[in-house]
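Here the structure is laid out as structure tokens; the discussion comes afterwards.
The values are calculated or read from the model by the stated rules, or taken from the named source; none is laboratory data. Everything numeric in this text was worked out from a predicted model, so none of it was measured. Cβ atoms come from the backbone with ideal geometry, glycine included; neighbour counts cover every protein chain shown.
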Amino acid sequence: MGTHHYAAHTVELRGELSRAIPSETLRELHRRSGWRHGAVAVRQFAILALATWGLIRFDNPLIWLPLAIVQGFTVFNFTILLHEVVHHTVFARRRPRAERLLSLLYAIPSGMSPSQFTRWHLDHHEELGSDEDDPKRHHLSPKVNKRWYKLLYCTPALFFIYFRAARREGATYDPALRARIARERRLSIAAHLTGLAALLYVFGPYAAFRTSIFPVFFVFPIAFTLNRLGQHYDIDPDDPAKWGTLMRGHRFWDFVFLNSNYHLEHHYFPGVPFYRLPALQRALVPFYERRGTRWQTYGGLLYGWFVENKAPHTNWSATPPQESESSILRGV
């Protein structure tokens with residue numbers, strides 16, 4: 001049992017948020033459409049299929065490298081679709097069997113267990129702000145504030161870091177849930193190995209590298225790290241309203257990350273479907289102005305994270321760079 005840290009610290013905030021948006025507008029923002037979710041899912045599978053075809057067809061690096069980037073980010077985005085299932089924002093009404101099928105379908109491309117992801121993510125929502133009880137913060141955030149260590153998250157080392165974190169958190173789960181997680185993970189791994197074996201057999205090792213190994217092990221970690229930078233790394237620990245990073249909306253990033261860049265808004269209203277999050281942010285602009293919430297961009301986050309070497313879960317506008325050579329790097 002957790003401490004429900006976020007709920008305990010946001011009583012006043014939740015009241016303020018309920019008054020910040022007219023009730024009719026808020027009801028509309030919570031309206032869910034299975035067809036609209038399905039259209040985005042079909043689009044993502046189409047992008048995945050076309051990128052796969054291109055990566056098999058072309059061996060010129062000028063062509064396959066951009067396609068591999070698209071492939072890696074698309075694989076990551078299936079975790080965003082899985083995230084929608086976790087919050088029951090796919091269908092207008094609960095449909096457990098369909099949600100279970102979708103959770104397996106969306107989890108396989110990234111090799112995740114949907115049950116682990118569900119428990120991990122819901123615990124993150126309940127315990128946001130806690131150093132110990134938020135599993136993302138406790139197990140996954142870098143504990144070594146060094147640039148070389150942060151860069152590991154952008155490499156295949158991410159999979160070791162993530163699955164070690166998942167194993168440590170999973171050790172606290174009941175045996176039935178652990179067994180279910182193990183079965184789902186074996187299914188995902190088997191699917192990946194089967195696909196890789198087919199690519200090797202039919203198209204050869206170079207095509208298998210372009211189509212599967214490079215996008216998953218070298219591009220996916222970059223997408224994962226960049227997305228996570230926009231969640232809870234630049235925050236104000238003293239203000240629960242600012243325990244998430246306020247990302248300025250942008251059509252490019254909205255498309256690239258399926259609106260998961262609106263992470264602060266998602267924590268305020270987790271029942272709002274991802275395709276309505278840009279509208280939710282626009283509705284909250286007066287609230288942000290009253291609270292003096294600072295906007296961020298991915299360029300600013302990358303600069304703060306790697307150049308200034310800011311620590312995670314701190315107020316980046318109030319803390320100096322962590323190492324003296326940051327002033328030198330700023331001029332590079």
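A few remarks follow.
- Test: residue in segment 108-122 that is more than 27 Å from residue 229 (Cβ to Cβ) and assigned to a helix (DSSP H, G or I): no
- Among the residues of segment 5-34, just one is in contact with a Ser or Thr (Cβ under 8 Å, 6 or more places away or on another chain) and not in a helix (DSSP H, G or I), namely 32.
- Of the criteria (1) under 25 Å from residue 214 (Cα atoms); (2) in contact (Cβ under 8 Å) with a residue 12 or more places away in the chain; (3) of a type outside the set (Gly, Ala, Ser), which one residue 148 fails: (2)
- Within segment 236-265, residues that are surrounded by fewer than 21 Cβ atoms within 10 Å (Cβ to Cβ) have Cβ atoms under 6 Å from residues that are part of a strand (DSSP E or B) in these pairs: 248/295, counting only partners at least 6 apart in sequence or on another chain.
- Residue identified as in contact with a Gly (Cβ under 9 Å, 6 or more places away or on another chain), of a type in the set (Ser, Thr, Tyr) and within 30 Å of residue 222 (Cβ to Cβ) among 79, 10, 89, 52: 89
- Test: residue in segment 187-204 that is at pLDDT 95 or above, hydroxyl-bearing (Ser, Thr, Tyr), within 20 Å of residue 77 (Cβ to Cβ) and crowded, with 17+ Cβ neighbours inside 10 Å: no
- Residue within segment 170-181 that is without any contact (Cβ under 8 Å) to a residue 12 or more places away in the chain, among the charged types (D, E, K, R) and either farther than 27 Å from residue 142 by Cα or assigned to a loop (DSSP other than H, G, I, E, B) (or both) present: yes
A quick yes/no check of all residues on (1) on the phi < 0 side of the Ramachandran plot; (2) surrounded by 18 or more Cβ atoms within 10 Å (Cβ to Cβ); (3) more than 22 Å from the chain's Cα centre (by Cα):
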site	(1), (2), (3)
11	yes, no, yes
15	yes, no, yes
18	yes, no, yes
27	yes, no, yes
43	yes, no, no
51	yes, yes, no
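- Some residue of segment 58-67 being among the charged types (D, E, K, R) and free of Cβ contacts under 8 Å to residues at least 12 places away in the same chain: no
- Pairs meeting the criteria (first residue in segment 205-229 and in a helix (DSSP H, G or I) and among the β-branched types (Val, Ile, Thr), second residue surrounded by fewer than 19 Cβ atoms within 10 Å (Cβ to Cβ) and modelled with pLDDT of 95 or more, beta carbons under 6 Å, at least 6 apart or on different chains) are 211/56; 219/69; 222/154; 225/154.
- The condition (being surrounded by 19 or more Cβ atoms within 10 Å (Cβ to Cβ) and under 29 Å from residue 11 (Cα atoms)) is satisfied by just one residue among 140, 122: 140.
- The lone exception for residue 59 - which of (1) surrounded by fewer than 18 Cβ atoms within 10 Å (Cβ to Cβ); (2) modelled with pLDDT of 95 or more; (3) part of a helix (DSSP H, G or I) it fails: (3)
Here is a yes/no grid of residues against (1) surrounded by 18 or more Cβ atoms within 10 Å (Cβ to Cβ); (2) at negative phi; (3) at pLDDT below 95:
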{"residue": "48", "(1), (2), (3)": "yes, yes, no"}
{"residue": "66", "(1), (2), (3)": "no, yes, no"}
{"residue": "75", "(1), (2), (3)": "yes, yes, no"}
{"residue": "85", "(1), (2), (3)": "yes, yes, no"}
{"residue": "90", "(1), (2), (3)": "yes, yes, no"}
{"residue": "94", "(1), (2), (3)": "no, yes, yes"}
{"residue": "112", "(1), (2), (3)": "yes, yes, yes"}
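- Qualifying residue in segment 35-45 (condition: part of a helix (DSSP H, G or I), of a type in the set (A, V, I, L, M, F, W, C), touching a residue at least 40 places away in the same chain (Cβ under 8 Å) and within 30 Å of residue 212 (Cα to Cα)): yes
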